[in-house]
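Peer 1: I'd like to ask some things about the structure below.
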Amino acid sequence: SFFYRVSHDLKGPIASLLGLSELAKKDIKDADALHYLGMYENQIKRLNMIVMELINITELNYRDVQLSKINFYEIIDNCITAYTYLPHFDKIKFRIDVGSDLKFNSEWYIVNTILQNLIENSIKYIDIEKNQQIVDISVKRDRNNIIIKLTDNGLGIPAEHQERIFEMFFRASNNAEGTGLGLFILKRAVERLKGDVSLISELGKG
């Protein structure tokens, strides 16, 4: 309840700060001032990301269950398209394999949250030193379960951090631009569907 109230109360002031920043950029001509304004704007955007992800957490708890037919291919395609603005996106080769006869009814919002966080993470942490950046996404049925598997050849996660990556606000790298909430939200979303999430990673391999 606290997250929900505070997050929604912060949305208005943050939107105002971003609007004022846009207005200031039109009037300011000094290069140094524009540089500092850009740094200021980036921090506001980061704060906005944190607030929006806190709202996502609260919605996982309070949203009513509404089941609908899940089109995995459509959700994956939309999630990938949503991140075309991220650096080095055009270098990534996505390979999607969704079972052709897959029929699954679930909470669209929750499934979308799971796939969105998986895909965003794989794009943010690609290894640009590799000749080809690859992200494989497969969705298969295994008896009564749906298995979503994402594999990439990105930077990978150091072994000492792997046990903590699903903790709230944990960031495995100081250089990361994330909020430390994405994988926490992912785990909560999977648990809402009474599922499990696991990680296999090797630093430098993906």
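The values are calculated or read from the model by the stated rules, or taken from the named source; none is laboratory data. What you are looking at is a predicted structure, and each value in this text was computed from that prediction instead of being measured. Cβ atoms come from the backbone with ideal geometry, glycine included; neighbour counts cover every protein chain shown. What goes into the accessible areas is simple: the full protein's heavy atoms, side chains included, and nothing from ligands, DNA or RNA. Shrake-Rupley method; radii C 1.70, N 1.55, O 1.52, S 1.80 Å.
Peer 1: Here are Ile44, Ile70, Ile14: which of them is free of Cβ contacts under 8 Å to residues at least 40 places away in the same chain, open to solvent by less than 80 Å² (accessible area, probe 1.4 Å) and over 19 Å from the mean Cα position of the chain (by Cα)? Explain how you work it out, then say what you get.
Peer 2: Working: Ile44 fails: over 19 Å from the mean Cα position of the chain (by Cα); Ile70 fails: free of Cβ contacts under 8 Å to residues at least 40 places away in the same chain.
After ruling out the rest, the residue left standing is Ile14.
Peer 1: Anything in the stretch 181-206 that is among the β-branched types (Val, Ile, Thr), open to solvent by less than 60 Å² (accessible area, probe 1.4 Å) and free of Cβ contacts under 8 Å to residues at least 60 places away in the same chain? List them, or say none.
Peer 2: Initial filter on the stretch 181-206 (among the β-branched types (Val, Ile, Thr)): 185, 190, 197, 200.
Applying the additional criterion that residues be open to solvent by less than 60 Å² (accessible area, probe 1.4 Å) yields 185, 190, 197.
Residue satisfying the conditions is Val197 alone.
Peer 1: Follow-up question, since we're still on this one. Across the stretch 1-23, what is the number of residues that are small (Gly, Ala, Ser), assigned to a helix (DSSP H, G or I) and either in contact with an Asp or Glu (Cβ under 9 Å, 6 or more places away or on another chain) or modelled with pLDDT under 80 (or both)? Step through it out loud before you land on a result.
Peer 2: Filtering the stretch 1-23 down to residues small (Gly, Ala, Ser) leaves 1, 7, 12, 15-16, 19, 21.
If we keep only those that are assigned to a helix (DSSP H, G or I) as well, we get 7, 12, 15-16, 19, 21.
So of that shortlist, the ones also either in contact with an Asp or Glu (Cβ under 9 Å, 6 or more places away or on another chain) or modelled with pLDDT under 80 (or both) come out as 7, 21.
Within the stretch 1-23, residues that are small (Gly, Ala, Ser), assigned to a helix (DSSP H, G or I) and either in contact with an Asp or Glu (Cβ under 9 Å, 6 or more places away or on another chain) or modelled with pLDDT under 80 (or both) number 2.
Peer 1: Farther than 18 Å from Lys194 by Cβ and open to solvent by less than 60 Å² (accessible area, probe 1.4 Å): which single residue out of Ile146, Ile128, Ile134 fits that description?
Peer 2: Details: Ile146 fails: farther than 18 Å from Lys194 by Cβ; Ile128 fails: open to solvent by less than 60 Å² (accessible area, probe 1.4 Å).
So the residue among Ile146, Ile128, Ile134 that is farther than 18 Å from Lys194 by Cβ and open to solvent by less than 60 Å² (accessible area, probe 1.4 Å) is Ile134.
Peer 1: Looking at Leu54, Leu102, can you tell me which residue is surrounded by 13 or more Cβ atoms within 10 Å (Cβ to Cβ) and assigned to a helix (DSSP H, G or I)? Let's see the steps before the verdict.
Peer 2: On the way: Leu102 fails: assigned to a helix (DSSP H, G or I).
The match here is Leu54.
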